[in-house]
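Taking it in order: structure first as structure tokens, then the write-up.
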Amino acid sequence: MSEKLKFGFVGCGAIANKHAEALSMVPDAELAAVYDQNTSVAKAFSQKKGVPYYDDVRKMIAAEGIQVLSLLTPSGVHGSLLLELADAGVHFVVEKPMALRLEEADEMIRACSLHGVQLFVVQQNRFNPPIQALRRALDQGRFGKLVMGTVRVRWSRNQEYYDSKKWRGTWAMDGGVITNQASHHIDMLEWCMGSVESVMAMTSTRLVDIETEDTGLAILRFTNGALGVIEATTATRPKDLEGSISILGEHGAVEVGGFYMNELKTWQFEDETEEDAEVFEKHGSTPKVFAWNHAEYLKDVVRAIRLGGRGLVEGMDGRRSLELIMAIYESAETGSEVKLRFRPKVARLGLPNHK
């Protein structure tokens, strides 16, 4: 077990650069080879990173001794790729969201369980130091009864962004701001506040020409009785504004802001501790190092594989946030409150365009 875990990439688009840089910061792992459906893209990426490229994933696995496959493709093909390769004897790291249909997510989880491999879903912001401090405070019961949790995604994506890749902003392959940009924040809200009982939502497409939404709002009721708000848009102009989370309880309040929940803004509790005086100094921000939190996430993946333990974000965690995303769309389509643990009836996410 002293050798480095060998990762292979499936997909060499923009996010692959971040994953490659992150792997370079993980002592026990390395990028061994890459694949992309577009061979010229795979070749260019492989030359830049100094690793071989392949035109067949199974050949890559066999030739390079790949132990972990990172699925870095458009969201709409995560499921079909994993199900096709689940018997290959490799573990999987899947970019968010893990799939676009609940049924597919369930099949992915079952397939990995059947073949004795682990499935990890990328939610790197859980490792941001301010978020880690927030989570510890929650685990210690410092908030008391939870009152409200709110996430805000006020980002900017113009028409050029969506036009640059034909799959962006489509129901079949991507989803809108709720599925794509806000999926990290939705995961974070559930991780902090607990399971969701029901959701009411509205969505709109305001400033770009896409199939899906660029703006959405959702009001949540958690099973513990607290309420939640999701505010998400890529129609902020002229540039990105914030990506934040705030948690309010009977004994305290914490807000983590910045661009991707990376800067501690508010930390206040009725019963102060010695650690509170140092929280901004020690945990106030995420290091300004490209892909730092991805590296921390991948270290957790490597640890889980090495020790045979559980990763912080595995398949069931990815499924939980996907279920809430589907419920948000279901509510927006029907105009009704949607109970969680439901089966979608009208949500179009993950289905071909039927215009």
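The values are calculated or read from the model by the stated rules, or taken from the named source; none is laboratory data. Given the structure is predicted, the values throughout are model-derived calculations rather than measurements. We place every Cβ from the backbone using ideal geometry, glycine too, and count neighbours over all the protein chains shown.
Results, tabulated for the structure shown:
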{"read-out": "Test: VAL117 is crowded, with 20+ Cβ neighbours inside 10 Å and outside any helix (DSSP H, G or I)", "value": "yes"}
{"read-out": "Flag for GLU275 being of a type in the set (Asp, Glu) and crowded, with 19+ Cβ neighbours inside 10 Å", "value": "no"}
{"read-out": "Residues within region 1-41 that are among the hydrophobic types (A, V, I, L, M, F, W, C), assigned to a helix (DSSP H, G or I) and either in contact (Cβ under 8 Å) with a residue 60 or more places away in the chain or under 18 Å from ASN293 (Cα atoms) (or both), tallied", "value": "6"}
{"read-out": "Strands (runs of 3 or more DSSP E) contained entirely in region 232-291, each with at least 3 residues that are farther than 18 Å from ILE186 by Cα and not hydrophobic (A, V, I, L, M, F, W, C)", "value": "263-269"}
{"read-out": "Where ARG310 falls short, out of the listed (1) touching a helix residue (DSSP H, G or I) at 6+ places or on another chain (Cβ under 9 Å); (2) over 30 Å from ALA86 (Cβ atoms); (3) of a type in the set (D, E, K, R); (4) part of a loop (DSSP other than H, G, I, E, B)", "value": "(2)"}
{"read-out": "Residue that is farthest from the chain's Cα centre (by Cα) [pool: residues in region 1-45 that are of a type in the set (S, T, N, Q) and surrounded by fewer than 16 Cβ atoms within 10 Å (Cβ to Cβ)]", "value": "SER2"}
{"read-out": "Hey, GLY258 on the phi > 0 side of the Ramachandran plot and not assigned by TED's automatic domain parsing to the domain that holds ASN17 or not", "value": "yes"}
{"read-out": "Residues satisfying the stated conditions in region 1-27, i.e. more than 21 Å from PRO287 (Cα to Cα) and touching a strand residue (DSSP E or B) at 6+ places or on another chain (Cβ under 9 Å)", "value": "LYS4, LEU5, LYS6, PHE7, GLY8, PHE9, VAL10, GLY11, CYS12"}
{"read-out": "Any chance MET326 is surrounded by fewer than 19 Cβ atoms within 10 Å (Cβ to Cβ), on the phi < 0 side of the Ramachandran plot, touching a residue at least 24 places away in the same chain (Cβ under 8 Å) and part of a helix (DSSP H, G or I)", "value": "no"}
{"read-out": "Output for region 203-229, where each listed residue is under 25 Å from GLY141 (Cβ atoms) and either modelled with pLDDT under 95 or not basic (Lys, Arg) (or both)", "value": "LEU220, PHE222, THR223, ASN224, GLY225, ALA226, LEU227, GLY228, VAL229"}
{"read-out": "From the options ARG221, ARG152, ARG206, residue that is assigned to a loop (DSSP other than H, G, I, E, B) and either within 29 Å of ASN128 (Cα to Cα) or over 18 Å from the mean Cα position of the chain (by Cα) (or both)", "value": "ARG206"}
{"read-out": "Condition check for GLU255: touching a Ser or Thr at 6+ places or on another chain (Cβ under 9 Å) and over 30 Å from GLN159 (Cβ atoms)", "value": "yes"}
{"read-out": "Count of residues meeting criterion [in a loop (DSSP other than H, G, I, E, B) and buried (at least 22 other Cβ atoms within 10 Å of the Cβ)] in region 50-83", "value": "3"}
{"read-out": "Residue list for region 135-156, restricted to those being of a type in the set (Gly, Ala, Ser) and more than 14 Å from PHE269 (Cβ to Cβ)", "value": "GLY149, SER156"}
{"read-out": "Flag if ALA99 is in a helix (DSSP H, G or I), modelled with pLDDT of 95 or more and closer than 23 Å to ASN125 by Cβ", "value": "no"}
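Matching residues to (1) among the hydrophobic types (A, V, I, L, M, F, W, C); (2) at pLDDT below 95; (3) under 24 Å from LEU351 (Cβ atoms):
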site	(1), (2), (3)
THR150	no, no, no
TRP167	yes, no, yes
GLY175	no, no, yes
HIS184	no, no, yes
LEU189	yes, no, no
GLY194	no, no, no
ALA201	yes, no, yes
